[in-house]
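Participant: I have a structure here, written as structure tokens, and I will follow up with some questions on it.
The values are calculated or read from the model by the stated rules, or taken from the named source; none is laboratory data. All values reported here derive from a predicted model rather than from experimental measurement. When we count neighbours, we look across all protein chains shown, and the Cβ atoms used for this are built from the backbone with ideal geometry, even at glycine.
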Amino acid sequence: MKKSPSRARPKTASKGGASKLRIIGGEWRSRQLPIIELDGLRPTTDRVRETVFNWLSFEVPGARCLDLFSGSGALGLEALSRGAKECTFVELNRSVAQQIERNLSTLQASNGTVYNTDALSFLQANPAPFDVIFLDPPFRKGLLEQVLPKLDERWLAANAYIYIERESEAQLSQLPDHWQLKKEKRAGQLTFALYQVST
């Protein structure tokens, strides 16, 4: 897939060193990995990740996962640590995508693949069904409304799960009728929810 140029500049690391991402469960529990400091990059917090993966505790092992707006890669890396069969990471910013690749290499994780492209371009490729899809797009850009209809076009395996993070003031509209809301919580200005495709 053609790589997209990056327009965002990584921040300079603080005096205390580069920011770190901590894996909170599974094979790599407590491992800390460097992440790029970047405006708008907001890794899913430990508390939210713990809740989400408790929701998905029986679904992630052996699953094919897609982390569509990867950012730090926190969700996809957590899924791999907890036994996902494989995870595809999609990230537009080249530096951030390269950091995910370095972290996968550090973990000796050969079952993670990184695409340096935007989500919509990725979804125009030949579809492959995923069991679990993580959607944590940049806020206030209307990206969920653009990608949700495309995901429903042969990207979802039977009974697939879709995890969505969004700003709490944003309302999801036009969700497919066969997407069932399973769990939803709010943490400050963030709302996160888990849906399942019914067949």
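Participant: Looking only at segment 48-61, how many residues end up being more than 14 Å from the chain's Cα centre (by Cα), surrounded by 14 or more Cβ atoms within 10 Å (Cβ to Cβ) and aromatic (Phe, Trp, Tyr)?
Facilitator: Summing the residues that are more than 14 Å from the chain's Cα centre (by Cα), surrounded by 14 or more Cβ atoms within 10 Å (Cβ to Cβ) and aromatic (Phe, Trp, Tyr) in segment 48-61 gives 1.
Participant: Can you name every residue in segment 103-124 that is free of Cβ contacts under 8 Å to residues at least 60 places away in the same chain and either surrounded by fewer than 15 Cβ atoms within 10 Å (Cβ to Cβ) or closer than 14 Å to Gly76 by Cβ (or both)? I'd like the intermediate steps shown before the answer.
Facilitator: We begin by selecting, within segment 103-124, every residue free of Cβ contacts under 8 Å to residues at least 60 places away in the same chain; these are 104-105, 108-114, 119-120, 123-124.
The answer is Leu104, Ser105, Gln108, Ala109, Ser110, Asn111, Gly112, Thr113, Val114, Ala119, Leu120, Gln124.
Participant: To continue, here is another question. Looking at (1) part of a loop (DSSP other than H, G, I, E, B); (2) of a type in the set (S, T, N, Q); (3) at pLDDT 95 or above, which is the one condition that is false for Asn54?
Facilitator: Result: Asn54 fails condition (1) only.
Participant: Please return the ranges of strands (runs of 3 or more DSSP E) entirely within segment 95-199 where 3 or more residues are farther than 25 Å from Glu37 by Cα. Please lay out each step first, then the result.
Facilitator: Values: elements: 112-115, 130-135, 156-167, 179-187, 190-197.
Fully inside segment 95-199 and qualifying: 130-135, 156-167, 179-187, 190-197.
Participant: Please go through segment 48-98 and give me each residue that is over 23 Å from Gly188 (Cβ atoms), touching a residue at least 24 places away in the same chain (Cβ under 8 Å) and among the aromatic types (Phe, Trp, Tyr), ordered by number.
Facilitator: Phe89
Participant: Considering only segment 181-192, I want to know if a residue exists there that is within 14 Å of the chain's Cα centre (by Cα) and in contact (Cβ under 8 Å) with a residue 40 or more places away in the chain. First the steps, then the outcome.
Facilitator: Here is the first cut: in segment 181-192, the residues within 14 Å of the chain's Cα centre (by Cα) are 192.
From the residues that got through so far, the ones that are in contact (Cβ under 8 Å) with a residue 40 or more places away in the chain too are 192.
Yes.
Conditions tested, residue by residue: (1) more than 16 Å from the chain's Cα centre (by Cα); (2) within 26 Å of Ala158 (Cα to Cα).
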{"residue": "Gly26", "(1), (2)": "yes, yes"}
{"residue": "Arg29", "(1), (2)": "yes, no"}
{"residue": "Gln32", "(1), (2)": "yes, no"}
{"residue": "Ile35", "(1), (2)": "no, no"}
{"residue": "Thr45", "(1), (2)": "no, no"}
{"residue": "Ala63", "(1), (2)": "no, yes"}
{"residue": "Ala74", "(1), (2)": "no, yes"}
{"residue": "Leu77", "(1), (2)": "no, yes"}
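Participant: Could you grab me the full set of residues in segment 154-199 that are closer than 18 Å to Pro137 by Cβ, acidic (Asp, Glu), modelled with pLDDT under 95 and surrounded by fewer than 17 Cβ atoms within 10 Å (Cβ to Cβ)?
Facilitator: Glu167, Glu169
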